[in-house]
Structure formats: C-alpha cells, structure tokens
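See structure below.
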Amino acid sequence: MRLILALALAAISALAQPTKADLLRGAYGRYRANNDLLFYHLDVRVDPERKFLSGKNTIRFKMLQDDSRIQLDLHSTLHVDKVLYGETPLKYEREEGAVFVDFPETLRTGHTYSIDFYYSGNPVESGRFGGITFKKDTSGQDWINTACEGQGASIWWPNKDQWRDEVESMELIISIPNSLVDVSNGKFVGKTDLGDGYTRWDWRIQYPINNYDVSLNIGNYEHFSDHLGDLPLDFYALPEVLEKAKKQFAQAKGMIEAYQHYLGEYPFAKDGYKLIEAPYSGMEHQTAVTYGNHFANGYLERDWTGVGISPRFDFIIIHESGHEWFGNSVTAADRSDMWIHEGWTTYLESLYVEYMWGHDDAVKYLNGYKPKVRNQQPIIAERGVNKTPPQDQYFKGALFLNTLRSVVNDDAKWWTLIHDFYQRFKYQTIMTEDVVDFFNRQTGMNLTPVFNQYLRRTALPTLELAFDDAKETVSYRWKADEPGFAMPVRLGRKGDWQIVQPAAEWKSLKTSVGKNDFDAATDSYYVSVDKH
Ligand SMILES: [Zn+2]
C-alpha cells in the first residue's frame, strides 16, 4: 500500500509541470545572476507564545552586472516590513515567494552594496520536518526547530533562496525568552540579557553556508562537550535524555576520524562540530547537525540496510554528519544535482563501515541498499525548476560510486581520487559536469558514458551473457541506453573472477564454468545480468 502510493506520487510528480512558484524559486535568472552574495547578518526575535518571528536580515552582495533590481525570497505568509538601502526605503514587488527589490539608481558591476530587509509574521509549518516548528517537549517547555531543505530557508527568513550562490560568512543573532537556549550554526560568540525577558544568542559562521543549513534549535537544552585534537565538539540534549545522549553521541568522534582519514580535515574547524537533539529524525545543518534517532543504533531502531551491519552504529550521526563534507562543504548548485549531497554521503556511510570493520562489511552494507532502488526515473532531475530528484539519488548514487571504485580497479588510486575530489571542490557549489570532468581528467578514462548511464538514464546497464556449452565459450556485451557505454567488469566463478572489457559488440571467452556457476561480480558493479 505504501509502495503503491509512492509509485503513484512519483508518476504524478514526473508529469507535473513546474508551477510559477517553482520557476521563481528554481531558476537562476537575471536578478539573481547579476549579484554575488557576500554576507548575511540575520537578527531574529522568536516569540514562542505567539509563534511569531520578527527581525531583519542585512544582506551584503557584490554586483556582477550593472542593474537596478535583485531577486530575494520570503514565504508569502510572512510580511515585508521594509527594505532599507542606507536610510532610503526601497520599492519591491512580491510574486509567490519572490521579492524583487528595486533601487533608485543603477548598481555598478564590481561594487558592494548592503540592504536591511525587515520582516515579521507567523511562519507556516509544511513538509516532512515542518520547515519551522513550535513544539513542546515532554516536560511542557518550548521546543522550536527549523529544518527547511525542502521548503527553502525563505519559509522563515528573507534571503536569496537558491543553492548556487552562498554567502562567504554569516552572523546569526537569535533573541528568545530568558529560560531557553538557542543552538545555531557556527561558533558561539556570547549571550546578552536584553532586560525585557529576552536574551540574545550570537553565533558567527566563518565559512560559506547554504541557506537551508541555517538553523534554529531553541529549547531547554543541556550542554556537554568534548574535543578531537583542536576541534571542539559540543553536544546538546534535553535533560531527560542527557545520560543517553552522552553515551550515544560519543560516536561522533570515530565518525569524524573516519571521514578525515578518507577526505581530509573536518571542513569547519574554526566553527567546531555540534550535535543537537531535535524532534525529527535528523538534518545536516552545517556545524549544528540535528539528531532525533531515539539514541539507538540503526535508523529509527531498524537495521537500515538489512544485513546486520547497520545496528553497529547510529545511522543519523554517521549520515547527517557526513554531509559536512558533501552537502555543506561541497554543495550542488541546483537541487537537480542533489546526488552530490545524498549519493556521496550514502557512500560515505560505507567508508565509515570500511574504516571501522573492513572492506567486506562495507560492500555488504552497501549492497543491502539494492532493494531500496527503484530505477524509475533518472537520478538527475530537471534543472532550474526547484525539482527534487527521486530517492534513487541516495542508494543508487552510492552503489554507482562503489561501481566507479571497481572501474578504477586500484584502491590506492581510488583513495587519492576521492580525497582530491573533495579537496578540489570544498567550500564550492558545483554541478555533475564538474564531477565528471574531474574523474575523467584524473583517471585518464572517458567515464562520461558511465556517469550518464547511472545518473541521467533510468535503467541499469545490462550485461548480456550468452553461453555455448558445446564450444565452452561465453559471449558478453553491454546493453545500455547511453551511446558508447562501456566499462570493465569481473566475470567467471564467484571468488575467481577475471576482468573483461565488454562493449556494445559481442566478445567471447573460453570457460569451463557452466552457465549456472558463471556470474558477474555484481557486489562490486551494480549492473543487471541477463544470462541465456
Ligand atoms: Zn542525507
């Protein structure tokens, strides 16, 4: 029943034309492309009783073209109080979630400008995690959290709400009733009693950050801390689960060590790493990873890939924190290419397994994802229309990267490749073309058809095997949608593989292994096999 519903929804969303709102959110048009974000100073007062936000975002940007209009975004339920350029109120036009701001003069290429965008209102809750929610914890205290990757950050604050352009740094000032604690991104600077029953909490983000990562976590939090070398690790949980959190959050250290081993230093060392209890499963908010996985291993107490390995670790700590490298540091420039976040981070889970328990368990863990793959739509979605790719971006994306490792067929080279890939693109927003170019250049191989088949086509490549028992031969070829698709694969008797280079045309080899015992190494290469 659940599957049928999911299929029906997938079919509807595949056919649906983008709405005006999706085009305004998804396109990187003239009034976004004409400027480059530098800095946000977001100052928000949160009133839990009225579920009301009020504040301003100071937005600093550099013009890339002469122009007199820019596009910002704010959810239509929130009120634009005023937009100031110095002392001058600016005119603006609202259309769906977009706010087009007009300047009385032409802004000049290469010059830097700053505006103060004042807003207020009651944000709406929507989507899987609510976007922004005003909840109570079990002891009746306020518990307010944001998680708005799907809806966009403009559901609760005004910004240039897209993925391509990130500010270089940010200040976040959150004012809340005195009894509560706010945990946000970046480094905690200090708190100030405002004398009116409210306290302001100041956070400084010293790296580029994508809008959806900017996060509030307001509650009756208890704090404890640790460190990994010079890196501060800060943990926040509600009092009733504090002891459980101290035990479970200890996994953060090994996780960071594993990812540092493969990819290099934790991306946000100056800002530190935080893990924060939240009332939903979890989210990768930069340096402020949120956690709601029941303080138990696996994913929501399930064996997530079903092969007995997931129960050894906390899926949310390992997965959401992996996004610090892929998602937060390396970011997709359009949500269409979100596999750069999810495919890579799902693959990172297997690197954690490999670091902890070895290669065989990593391969087993990854292959446990196969039943979740649907192969109904390509992993890369339409660009410029705010479209979310299908779930295959996670599991098929990770299985594809494991396939790529087998295609490279040299682990020392593979470790260098993924390390250098991360290092090359850290703190940047990129598209799949950048990934493909990098791997082609570094391997000297033409991997474009392989990337295309897995990411831009629906079906898996099929390895066709035709047996001739009398002659003791097997013929083999690739059947794939992508012209020129070819990659090596291991064939033969399980454990006694030989590498062959199938192409679109038939080739054959001598073998004494019969049809029933002859196979392809499908744990290492995620392909279909058609034996006849
Ligand atoms: Zn993820």
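What to note about this one:
Table: residues versus (1) open to solvent by 10 Å² or more (accessible area, probe 1.4 Å); (2) touching a residue at least 40 places away in the same chain (Cβ under 8 Å); (3) over 26 Å from Y280 (Cα atoms); (4) among the basic types (K, R).
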site: T88; (1), (2), (3), (4): yes, no, yes, no
site: Y92; (1), (2), (3), (4): yes, no, yes, no
site: P104; (1), (2), (3), (4): yes, no, yes, no
site: R108; (1), (2), (3), (4): yes, yes, yes, yes
site: H111; (1), (2), (3), (4): yes, yes, yes, no
site: V124; (1), (2), (3), (4): yes, yes, no, no
site: Q141; (1), (2), (3), (4): yes, yes, no, no
site: C148; (1), (2), (3), (4): no, yes, no, no
site: W157; (1), (2), (3), (4): no, yes, no, no
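- Extreme residue, most open to solvent (accessible area, probe 1.4 Å), among residues of the stretch 267-280 that are part of a loop (DSSP other than H, G, I, E, B) and touching a residue at least 40 places away in the same chain (Cβ under 8 Å): K270
- Failed item, numbered, when F421 is tested on (1) in contact (Cβ under 8 Å) with a residue 40 or more places away in the chain; (2) buried (at least 19 other Cβ atoms within 10 Å of the Cβ): (1)
- Test for I380: is it over 20 Å from A258 (Cβ atoms) and surrounded by 18 or more Cβ atoms within 10 Å (Cβ to Cβ): yes
- Residue match in the stretch 367-376 (condition: more than 17 Å from the chain's Cα centre (by Cα) and among the hydroxyl-bearing types (S, T, Y)): yes
- Qualifying positions in the stretch 216-231 - open to solvent by less than 20 Å² (accessible area, probe 1.4 Å) and closer than 16 Å to S321 by Cβ: N217, L231
- Exactly one residue out of D213, D193, D234 is modelled with pLDDT of 95 or more and open to solvent by 40 Å² or more (accessible area, probe 1.4 Å), and it is D193.
- Considering residues of the stretch 166-177 that are open to solvent by 10 Å² or more (accessible area, probe 1.4 Å) and not small (G, A, S) only, the residue farthest from L24 (Cα to Cα): P177
- Note on the stretch 281-301: residues that are open to solvent by less than 20 Å² (accessible area, probe 1.4 Å) and of a type in the set (A, V, I, L, M, F, W, C) amount to 3.
- Filtered residue count, the stretch 309-329, keeping only those that are more than 11 Å from the ligand (Cβ to nearest atom), farther than 30 Å from A33 by Cα and either open to solvent by less than 10 Å² (accessible area, probe 1.4 Å) or without any contact (Cβ under 8 Å) to a residue 24 or more places away in the chain (or both): 6
- Single residue of the stretch 330-367 satisfying the filter (of a type in the set (G, A, S) and crowded, with 19+ Cβ neighbours inside 10 Å) that is nearest to the ligand (Cβ to nearest atom): G343
- Counting the residues of the stretch 392-429 that are small (G, A, S) and either within 16 Å of the ligand (Cβ to nearest atom) or in contact with a helix residue (DSSP H, G or I) (Cβ under 6 Å, 6 or more places away or on another chain) (or both) gives 2.
- Among the residues of the stretch 463-483, those that are modelled with pLDDT of 95 or more and of a type in the set (G, A, S) comprise A466, S475, A480.
The values are calculated or read from the model by the stated rules, or taken from the named source; none is laboratory data. Note that the coordinates shown come from a computational prediction; the quantities given were computed from them, not determined experimentally. Neighbour counts are summed over all protein chains in view; Cβ atoms, including those assigned to glycine, are modelled from backbone coordinates with ideal geometry. Just the protein is used for accessible areas: all its heavy atoms, side chains included, with ligands, DNA and RNA removed. Shrake-Rupley method; radii C 1.70, N 1.55, O 1.52, S 1.80 Å.
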